[in-house]
1. Candidates (i) 19.1; (ii) 17.8; (iii) 24.3; which is the computed mean projected area of the Cα convex hull in nm²?
2. So which chymotrypsin sites (Phe, Trp or Tyr not before Pro) in the range 240-322 are both in a DSSP loop and have at most 13 other Cβ atoms within 10 Å of their Cβ?
3. Within straight cross-link reach of residue 155, meaning Cα distance under 21 Å, which lysines are found once same-chain residues fewer than 8 apart are removed?
4. List the pairs from 61/293; 61/385; 26/380 whose alpha-carbon separation is above 19 Å, in the order I gave them.
5. What part of the accessible area of the chain, given as a whole %, is carbon or sulfur when the probe is 1.4 angstrom?
6. With the other protein chains left in place, how much accessible area per residue, in square angstrom, belongs to the chain at a 1.4 angstrom probe?
7. Just want the answer: with Cβ charges of +1 for Lys and Arg and -1 for Asp and Glu, which residue in 255, 64, 326 is farthest toward the dipole's positive end in the chain?
8. Pick out which of 268, 368, 169 has the largest mean-square fluctuation in a Gaussian network model of the chain, springs linking Cα atoms closer than 10 Å.
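The values are calculated or read from the model by the stated rules, or taken from the named source; none is laboratory data. Here the structure is a predicted model, which means the values were calculated and not measured. So basically every Cβ, Gly included, is an ideal-geometry build from the backbone, and we count neighbours across all protein chains shown. Areas reflect the complete protein model, heavy atoms only, side chains present, ligands, DNA and RNA absent. Shrake-Rupley method; radii C 1.70, N 1.55, O 1.52, S 1.80 Å.
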Amino acid sequence: MTLSPNVAKPAVITALTSRPRITAIKPYAVWVGGRNQLIVKVETDCGIYGWGESGLSGREKAVIGALEHFAEYLIGSEAFQIGAIWQRIYRSQYFEGGRVLQAALSAIDIALHDLKGKALGMPVYELLGGRQRNHVQTFASTASTRFDTAIEQAKSLVERGWKCIRVFPDFSETTTFEPRDHIAPTAAMCREVREELGEGITLGIDWHHRLSVAEAASFCQRMPQGTLDFLEEPIRAETPEAYEALRRLTDIAFAIGEEFSSKWDFRPYVERDIHQFNRVDVCNVGGLTEAMKVAAMSEAHYVDLMPHNPLGPICTAASVHLCAAVPNFSWLEVRATSDGVYSMDKAECLFPVQHELNGTVFDCTDVPGLGVDVDEDHAKELSFKFWNAPMLRRKDGSVTNW
C-alpha cells in the first residue's frame with residue numbers, strides 16, 4: 001500500500017513548522033473479547049496524535065495511575081524527542097523501572113513513534129532504520145484449552161500455510177494444576193504431533209513457566225532428540241542460574257523473555273548465551289525504543305527475536321514494525337485459531353484500521369505511523385471489567401504458577 005503525496009504533505013509541513021508538543025495522554029482500559037486492553041492516545045498541539053498499548057494484562061489500573069503521573073510532567077514536551085522522553089520517564093525518579101512503570105512507558109513510547117511517523121509521512125519502521133524485509137512471518141498456536149484435539153489443530157494450521165507451530169499442555173483447568181501429572185501426556189502429544197507433521201515444520205511448546213528445573217528436565221527426557229525446536233518459558237525467569245542448570249540437562253533451544261521489562265532483564269540471558277529466542281514484548285519492555293536495544297544486544301550473540309504478541313491490533317502493529325526493522329528475527333506470534341481466523345479479539349468496530357494477515361504473513365506497507373487507528377468514541381462507550389489470571393493450586397492446596 002502506497003500513500004499518495006496529497007495525504008502525506010500536510011502532516012509533514014505542520015510538524016516541521018511547529019515541532020508538535022504533547023497536550024494530553026489519554027488511557028482507555030476497555031474490555032475487548034475475553035480481556036481488557038489498555039490503549040493510550042498521545043495528543044499534540046498540532047492535531048497529530050499517536051496510539052500505544054500497555055501489556056501488563058490484569059493490572060491495567062495500576063498502569064493508568066503511572067500514566068496519570070507521567071502526564072503531569074510530559075505535557076508541553078516536544079513529542080519528537082522520543083529517546084529523551086524515554087530517559088526522562090525512566091530516570092527521573094529514585095525507583096527506576098519495574099513492570100508497572102515500564103508498561104506505562106511502553107504505551108507512551110509506541111504512541112510517540114506512531115505520531116512521529118504520521119507527522120513525517122512515513123511508516124514507523126523507517127524511524128527504526130528502515131525495513132529489512134518485505135513481510136513478517138508468523139507462528140500460530142493450538143488452543144491451550146483443547147489438548148485432546150491438538151494434533152488435528154496443528155494439522156489444520158499447517159494446511160493453512162503455517163510452517164512454525166506452537167502447542168500447549170492441557171491448560172483447560174483454571175483452579176488446579178499438578179505439574180507432574182502433565183509431563184508424560186504432554187510429552188506424548190509432542191511426539192505424536194511431530195510424527196504427524198513431519199520434519200519440515202518448526203515445532204515448539206509453551207509451558208507458561210509452570211515447571212521446576214527438575215520437572216522441565218523430566219519432560220525433555222521423555223522425547224527423542226529433534227522432537228521440539230524450541231521450549232518456551234518452562235520455568236520462571238527471575239534466576240538466570242536456574243536456566244543454566246536446565247541448559248545442562250537438555251539441548252532444546254529456549255524461548256524466553258515475554259515478561260521482561262527492560263534490556264537489563266535480558267542482559268544476563270544474552271551475555272551468558274542461555275537462550276536462543278527472545279520473546280520480547282514491545283508493550284512491556286519499554287516500547288520500541290527499548291526493544292531495538294534488546295535486538296541489537298541479541299544480534300551480537302546470535303539470538304533471534306520471536307516477539308510476544310498476545311494483545312490487540314496496536315501491539316501487533318508495533319511488533320510488525322519492530323520485526324521489519326531488525327536483522328535477527330524469526331517469527332512473530334499471531335493469535336490464530338485452527339480454522340485460520342486471525343485474532344479472536346480483532347474488534348473491527350474499535351480498530352477500523354489495523355494490520356491484516358496476508359495468508360500467514362504481515363506485509364510491510366508504506367502507511368504512515370503504525371498503520372492502525374482507533375474509534376475513540378467507541379472506546380469511550382466500552383467498559384473496563386475486572387479480570388485476574390487464574391490462581392492455580394496443586395492438589396495439596398499449595399499455590400502454583402499460572
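1. Of the listed options (i) 19.1; (ii) 17.8; (iii) 24.3, (i) comes from this structure.
2. Listed in order of number, the matching sites are 302.
3. Residue 155 reaches 163.
4. Violating the 19 Å limit, Cα to Cα: 61/293.
5. 51 percent
6. With all protein chains present, the chain gives 41 Å² per residue.
7. 64
8. 268
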